[in-house]
Amino acid sequence: MEQRHAYLGFNLTAGIGPSRVARLVDYFGTALAAWAAPASELSACGLGAKSVSALLAARERYDLDAEFTRAAQLGVSIICIEDAAYPALLHQIPQPPPLLYLRGEISKADDWALAVVGTRGPSEYGREATRRIAGELAGAGVTIISGLALGIDAAAHTAALDAQGRTLAVLACGVDLPYPERNRRLADQIVQNGALISEYPLSSVPLPNNFPARNRLISGLARGTLVVEAGERSGALITVEFALEQGREVFAVPGPIYSPKSVGTHRLIRDGATLVTCAQDMLDGMNWTMVSAQQEVRQAIPETADEAVLLPLVGYEPRHVDELGRSCGLATPTLLSTLAMLELKGVVRQAGPMQYVLAR
């Protein structure tokens, strides 16, 4: 039995969410140890009687090997928070999902991802702005993330696909039953050029409470979030709240001043969100002027022995080239060329004249 089996078991157990799974793993040391722990130990770590009963019942009810087999037959991958394939950006958010279900693939190209969200009932202006901006971003090598909902979400996914780019859809239901049904053909297209992603078990229906939790993953998988048309109480604003909590950038498209569909976006701009009229505004705001070049270099050039020596010495406090040279022992020409390559890959950046920090 692998760690993933234990995480899958917890994911199938009602009332055992990300925070409780984290508490269990912290207390018992591993997910496997927590899954096998006796009731007395589970109570001792702080689980209530109802949760303990649910966990004990889940052990008897579920055949975890059969669940993995079922997923494979449906073309679904299951990855846990300890797997190398788990998205790095999600490790950084509060309460990251312990388990993810994927239809499709997440790739290294998705390190450069931006979320595009907005109303389910956009105006033609909103649709056109989404098509233009999301399409230009995808054409520049940026992965577009959204929630597969009608309206702005669907327009963003479609624009990315039309630009031959990548797009990820985060669902509030099982990835085998994408919702809404009207977008299932779009979902199939996304699987071929990105992935459907969910933290909810197979065959889960889209319950109302699932959508806010889903929104934290939309923002969590992206380095920034763009809002196109959001009313005063739009669900897109919940995604923005998560993005701000996660320390991610927020962008907004202005709309007609009399449109109720733009009340939310105008408030975001007033409160400090970056005003966006084209994709370049976002690329500039993220300092992503060379996204495509960075991706090509990262994929074409493997990590070298010189990079392996240098990278551990670069942190989030600026270090001068001379200091790095003394610490790593590389000759100056080798040091400078290695730094230049790492900068082109988007791994480090200059924080001042000849001073370098990690870019992410």
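A short reminder: the numbers here are calculations on the coordinates, not readings from a lab. Given the structure is predicted, the values throughout are model-derived calculations rather than measurements. As a convention, Cβ positions derive from the backbone with ideal geometry for all residues, glycine included, and neighbour counts pool all protein chains shown.
So the values come out like this:
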{"quantity": "For segment 57-115, diffusion coefficient by Stokes-Einstein and Kirkwood Rh (Cα), 25 °C, 0.890 mPa s, µm²/s", "calculated": "184"}
{"quantity": "Inter-centroid distance (Cα atoms) of segment 30-65 relative to segment 322-351, Å", "calculated": "49"}
{"quantity": "Ranked T274, T143, criterion: other C-beta atoms within 10 Å, fewest first", "calculated": "T274, T143"}
{"quantity": "Kirkwood Rh and Cα Rg combined as Rg/Rh, segment 125-233", "calculated": "0.94"}
{"quantity": "Projected label distance in nm at Q189 and E317, using a 7 Å step from Cα toward the beta-carbon", "calculated": "5.1"}
{"quantity": "Kirkwood estimate for the chain, i.e. one over the average of 1/r between Cα atoms, Å", "calculated": "21.9"}
{"quantity": "Relative exposure of T265, T225, judged by other C-beta atoms within 10 Å (fewest first)", "calculated": "T225, T265"}
{"quantity": "Sparse-neighbour loop sites [trypsin sites (Lys or Arg not before Pro); segment 124-198; at most 11 other C-beta within 10 Å; DSSP]", "calculated": "none"}
{"quantity": "Two-decimal ratio, segment 1-75, of alpha-carbon radius of gyration to 2.2 N^0.38 Å", "calculated": "1.07"}
{"quantity": "Spatially proximal lysines relative to K108 (Cα-Cα < 29 Å; intrachain offsets below 8 disregarded)", "calculated": "K345"}
{"quantity": "For the chain, share of DSSP beta bridges that run antiparallel, in % to the nearest 5", "calculated": "40"}
{"quantity": "For segment 106-154, average projected area of the Cα convex hull in nm²", "calculated": "3.2"}
{"quantity": "Segment 65-207 - convex hull of alpha carbons, volume per residue in Å³", "calculated": "110"}
{"quantity": "Mean shadow area of segment 301-358, taken as a quarter of the surface of its Cα convex hull (nm²)", "calculated": "3.5"}
